[in-house]
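Down below is the structure, laid out as structure tokens.
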Amino acid sequence: MIKKILQIDKGILYMLFASSLFAIMGGFAKELSVSMSSLEVVFFRNVFGVFLMGFMVFKNPIKQKGGKPFLLFFRGFIGFVALLAFFYNIAHISLADAMTFAKTAPIFTAFFAYVFLKEKMSSYGWLALFIGFIGIVLITQPQGLTFTKTDLLGIFSGLGAALAYTSVRELKKFYDTKSIVLSFMITGTLGPLLLLLLTPYVSTEGLDFLFAEFVVPHGMDWFYISGLGLFATMAQMYMTKAYGETKAGIVGAVSYSNIVFAIVIGLILGDSLPNLLTSLGIMAIFVAGILVVKK
């Protein structure tokens, strides 16, 4: 049994582990959002990672050929904006719903990988993506065609993340994994700082997801910040490894498991039990996962 598990594609195993870590990170972010803005949460999520990754680079220097600085910056920038939208949703809707919105990313990723990277998907891969999409619809249970702010930000969190993930596939040919992760975390640290500094000078009405006042952490906030940074950095590393090992569409489909982990963490934090349609959505996601690993 263990031998069979070890024979599963490394990219799939990396993404399953990363998905569980991302869900735990989301739990820490939700708790931290009670006392500070999502913008500040993004800052602490990344600044912790910058120091940790800096230490890793010091211990094990980067070896790479480089040559794609604009693509590297794009990965960092689009990843930061998508993360900001994602954390805003975590603060204002249930953890499972926020994660589900973000999980539109694999659908966009498969499309971008096909368009930009010329990757081909097997029939099992496309079927898995389709079933995974049905699972997302069942979990979100959309009502009508009216989109709220969280709906729009949720869709963007998936679209932006997909662009970032797809760029990783190309960047792996030129950069070390640590460089790719650092490009994201450094941008995600400087970006919030700039927006926090601009807040006193702009009108924040309707733009509370972009601008907010800085709040000094206290008490349990520091525990949540530590957990947020640690699990986010580990998840980011394993996610990057996953996209570097396997086709972007395949890894994206496996990342649907993140919703399942998020529902569990959400229940622990006080979210409601999934209803019948949500349960059917979870089952669809499991089926998609089985199709992905099936040869």
Checklist entry - Could you name the aspartates and glutamates in cross-link range of K247, using Cα to Cα under 17 Å and dropping any fewer than eight places away on the same chain? => result D9, E119, E170
Checklist outcome for this item: Unit-weight point scatterers at every alpha-carbon of the stretch 154-295, Debye formula, q = 0.09, 0.13, 0.20, 0.21 1/Å: log10 I(q)/I(0) is -0.41, -0.85, -1.36, -1.37
Checklist outcome for this item: Using alpha-carbon coordinates alone, the radius of gyration and Dmax of the chain in Å work out to 18.4, 61
Checklist entry - Can you name the helices of the chain, as whole DSSP H runs, whose Cα span along the helix axis is 30 Å or more and whose Kyte-Doolittle mean is not below 1.0? => result 10-32, 38-59, 69-92, 177-198
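Averaging sequence separations of C-alpha pairs under 8 Å and six or more residues apart, then dividing by the length of the chain, give the relative contact order as a whole percent.
Relative contact order comes out at 42 percent.
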Checklist entry - Can you pick out the pairs among K118/K178; K30/K149; K59/K103; K59/K241 whose Cα atoms lie more than 23 Å from each other? => result K118/K178; K59/K103
Checklist entry - Arranged from highest to lowest average of other beta-carbon atoms within 10 Å per residue, in what order do the peptides 151-163, 93-105, 167-179 appear? => result 93-105, 151-163, 167-179
Checklist entry - With each label point set 7 Å from Cα along the Cα-Cβ vector, what nm distance links L276 and L207? => result 4.6 nm
Checklist entry - Peptides 274-283, 61-70: what's the order by average Cβ count within 10 Å, highest mean first? => result 274-283, 61-70
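Computed from the coordinates by the stated procedures, all read-outs in this text should not be read as laboratory data. All figures in this text were calculated on a predicted structure; none of them were measured in a lab. Note that each Cβ is placed from the backbone with ideal geometry, even for glycine, and that neighbours are counted across all protein chains shown.
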